[in-house]
Amino acid sequence: MPKINDLDLENWKDLSEITTDSLWIIDKRYNENGHKNGFWGNFVPQIPYQFIQRYTKVGDLVLDPFSGGGTTLIEARRLGRDALGFEINAQTCQVTQQILNDAEKFLKDNVTAKAYLTCGDSTSLDYNKELQKIGKKKAQLVILHPPYWDIIKFGQEENNLSNAETLGAFLEKFQVIVKKSVDVLEKGRYLAIVIADKYKNSELIPLGFYTMQVAQREKLKLKSIIVKNFDTTKGKQNQQALWRYRALANGLYLFKHEYIFLLKK
Ligand SMILES: C[S@@+](CC[C@H](N)C(=O)[O-])C[C@H]1O[C@@H](n2cnc3c(N)ncnc32)[C@H](O)[C@@H]1O
């Protein structure tokens with residue numbers, strides 16, 4: 001099997017920072033080297049860090065079709081991998097471009113990797129063209145962190161997945177993006193989906209397992225299901241007591257975890 005990372009397995013006992021367990025408890029966001037915590041709905045840089053280290057080499061391309069605040073892009077470039085992100089919301093895209101520019105000063109001298117951001121709709125962009133524009137043919141890792149359907153409204157755009165009117169419409173749009181991503185993913189490489197479930201009318205909607213199945217339909221092989229702890233979002237911090245009351249009153253449990261599905265082409 002060709003090697004797809006730069007880890008030195010001869011000295012595998014020294015790789016203590018690389019996680020191999022399926023339960024991830026991350027208590028603090030890594031907020032250094034250009035990472036900022038201003039984007040509501042971001043994930044922690046430790047997520048892309050783990051996958052970039054295990055599934056890519058220096059010089060490879062990491063694709064993130066839901067780039068939001070740019071966490072994946074900053075982390076990939078910091079680790080010497082090129083990164084390409086797509087973001088549908090023009091304002092988010094503009095702010096993230098500035099964050100990427102600002103983060104450049106944290107790069108080590110020997111890093112030549114670049115982070116590219118295209119402002120556009122991932123359901124309609126031509127991924128091959130976008131890769132061509134930056135001199136690439138294939139991506140070596142795809143990270144998908146879609147809206148958790150309508151939990152957070154990320155913009156007004158019709159094709160913003162957070163505006164999907166039904167679960168079916170959300171999954172249809174997600175499938176288009178998975179398909180396009182798989183098309184440019186190099187064979188033998190990995191795609192990760194980061195997502196949580198949600199409640200609607202007091203019923204649990206298992207978005208995680210639905211999106212996992214969408215990806216499996218694209219002939220990807222499921223390799224791992226990771227459960228990661230999940231902190232109260234900024235929006236819900238002030239309402240913790242109310243949520244606890246609702247949970248007690250409705251016989252529900254409050255979400256403290258999200259899923260990461262890891263699949264291989
Ligand atoms: C959960 S956030 C991603 C956060 C990101 N991982 C971070 O750490 O900042 C999802 C993002 O996907 C964007 N998005 C939703 N639908 C999209 C689409 N069709 N094309 C491109 N971006 C989309 C949203 O506007 C939002 O910024």
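The values are calculated or read from the model by the stated rules, or taken from the named source; none is laboratory data. What you see is a predicted model, and the numbers here were worked out from it, not measured in a lab. Heads up, the Cβs are rebuilt from the backbone with ideal geometry, glycines too, and the neighbour counts pull from every protein chain shown. To get the accessible areas, we keep the full protein, side chains included, count just its heavy atoms, and leave off ligands, DNA and RNA. Shrake-Rupley method; radii C 1.70, N 1.55, O 1.52, S 1.80 Å.
Which percent of the accessible heavy-atom area of the chain goes to carbon and sulfur, probe 1.4 angstrom?
Answer for the chain is 50 percent, counting heavy atoms of protein chains only.
Of the candidates LEU125, LEU84, LEU204, which one comes out as most mobile in a Gaussian network treatment of the chain with C-alpha springs shorter than 10 Å?
Result: LEU204 has the largest fluctuation of those listed.
Among ASN11, PHE106, LEU207, pick out the residue whose Cα is farthest towards the positive end of the charge dipole of the chain, where Lys and Arg carry +1 and Asp and Glu carry -1 on C-beta, about the Cα centre.
So the residue we want is ASN11.
Order the following by accessible area, largest value first: THR112, THR71. Probe radius 1.4 Å; ligands, DNA and RNA are ignored.
My answer, sorted largest first, is THR112, THR71.
Relative to the longest principal axis of the chain, what angle (0 to 90°, nearest 10) does the C-alpha long axis of helix 167-184 take?
Helix 167-184 and the main axis of the chain meet at about 10 degrees.
Which entries in LYS3/LYS133; LYS36/LYS108; LYS138/LYS228; LYS108/LYS133; LYS129/LYS179; LYS28/LYS256 show an alpha-carbon gap greater than 23 Å? Spell out each step's value before the answer.
Values: LYS3/LYS133 27 Å; LYS36/LYS108 18 Å; LYS138/LYS228 29 Å; LYS108/LYS133 25 Å; LYS129/LYS179 15 Å; LYS28/LYS256 15 Å.
LYS3/LYS133; LYS138/LYS228; LYS108/LYS133, as the Cα separations exceed 23 Å there.
I want to verify a result. In a Gaussian network model of the chain, Cα cutoff 10 Å, which of these has the top mean-square fluctuation: PHE51, PHE43, PHE230?
With Cα springs under 10 Å in the chain, the top fluctuation among PHE51, PHE43, PHE230 is at PHE230.
Leaving ligands, DNA and RNA out of it, rank TRP243, TRP40 by accessible area with a 1.4 Å probe, largest first.
Ranked from most to least accessible, the order is TRP40, TRP243.
In Å², and per residue, what accessible area does the chain have when probed at 1.4 Å with the other protein chains present?
53
Can you give the Kirkwood hydrodynamic radius of the chain from its Cα pairs, in Å with one decimal?
19.0
Could you please state, rounded to a whole Å, how far the C-alpha centre of region 18-45 is from the C-alpha centre of region 81-139?
Result: 20 Å between the Cα centres.
With springs only between Cα atoms under 10 Å, which of VAL111, VAL227, VAL62 fluctuates most in a Gaussian network model of the chain?
For the chain, modelled as a Gaussian network with Cα springs under 10 Å, the answer is VAL111.
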